[in-house]
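These notes are about the structure you will find just below.
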Amino acid sequence: MSTPRLLRFLPLLLVAAALIWLVTGCSSRPAAAQRLFAKGEYQRVLKKYPDLEIARRAEARLAEKLCEDKQYDAVIRQFPQTPAAYKARLALAQQLFDAGRYLAVIDSFPYLPLAAQARERMADSLYGSGRFDDLLMRYPDSPQAKELKEKRAAQALTDAKKLRGQARQQALEEIMRLYSGTGSYKEAAELQAKARQVSKK
């Protein structure tokens, strides 16, 4: 074959060589990453092949190891999207809860199930110490706050029933404003409706 004829085929040969290299090169990256992963060299997988799917698995393994070593802050900071990060959050919340640091649990991990238990403990503490206004303000949905709200509403309704005229109407409106959702609220609304019907006649 003559040189000019060979030069015409050279671009075609170069393209074919590039395609062969791409095909074999692309398939060797996942294979090389898999070999490193199988050896337990997760850090090298992350460093050399961060764009491959196996890197996510390597992150998960590294996070699990840190979690086993109780390095919870490191797991959350370095691998926040892994299942181990959730386990680490649970473990940290449990440590705070066990230490009686309920506000820290509520502030740091408000969406974890343990935060609900911490809120209950805080509500118990406020109720036990007689800090009723704080209880109603901070934990209005707690059983203690609901009980307190019912008691206060019942007392306010008893007091309102002793009044007459405009003073009674204002007291009933106050009950309806402050104690929605209570049994006394419903009774106050009924009393107010009856009073309006009487005044229309």
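What follows is calculated from the coordinates using simple rules that are stated; it is not laboratory data. All of these numbers come straight from a predicted model, not from anything done at the bench. Positions of Cβ are generated from backbone atoms using ideal geometry, with glycine treated the same way; all protein chains shown enter the neighbour counts.
The table below lists the values:
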read-out	value
Residue-count net charge about Q94 - beta-carbon cut-off 13 Å; Lys, Arg +1, Asp, Glu -1	+3
Cβ-placed point charges (K, R +1; D, E -1), dipole of the range 43-118 about Cα centre in debye, nearest 20	300 debye
Q78-S108 pseudo-label distance in nm [points 7 Å out on the Cα-to-Cβ vector]	1.9 nm
The range 47-113 and the range 146-165: distance between their alpha carbon centers, rounded to Å	49 Å
Cα gyration tensor category, rounded, prolate or oblate, for the range 45-101 with a/c compared to 1.5	prolate
Footprinting exposure proxy for M176, M122, M137 (fewest neighbouring C-beta atoms within 10 Å first)	M137, M176, M122
Student exercise, the range 142-201 dipole from Lys, Arg, Asp, Glu Cβ charges, in Debye to nearest 20	280 debye
Helical contribution to [θ] at 222 nm, DSSP H n ≥ 4, -39,500 (n - 2.57), averaged over the chain, rounded to 500	-26500 deg cm²/dmol
Shape call, the chain: gyration tensor on alpha carbons, a/c limit 1.5	oblate
Relative exposure of K200, K186, judged by other C-beta atoms within 10 Å (fewest first)	K200, K186
Relative contact order %, the range 75-201, counting alpha carbon pairs below 8 Å whose residues are six or more apart	13 percent
Magnitude of the charge dipole, the chain, Cβ model with Lys/Arg +1 and Asp/Glu -1, debye to 20	580 debye
Residue (of L148, L191, M176) at the positive-pole extreme of the range 142-201, dipole from beta-carbon charges	L191
Per-residue Cβ neighbour rank within 10 angstrom, fewest leading, R29, R164	R164, R29
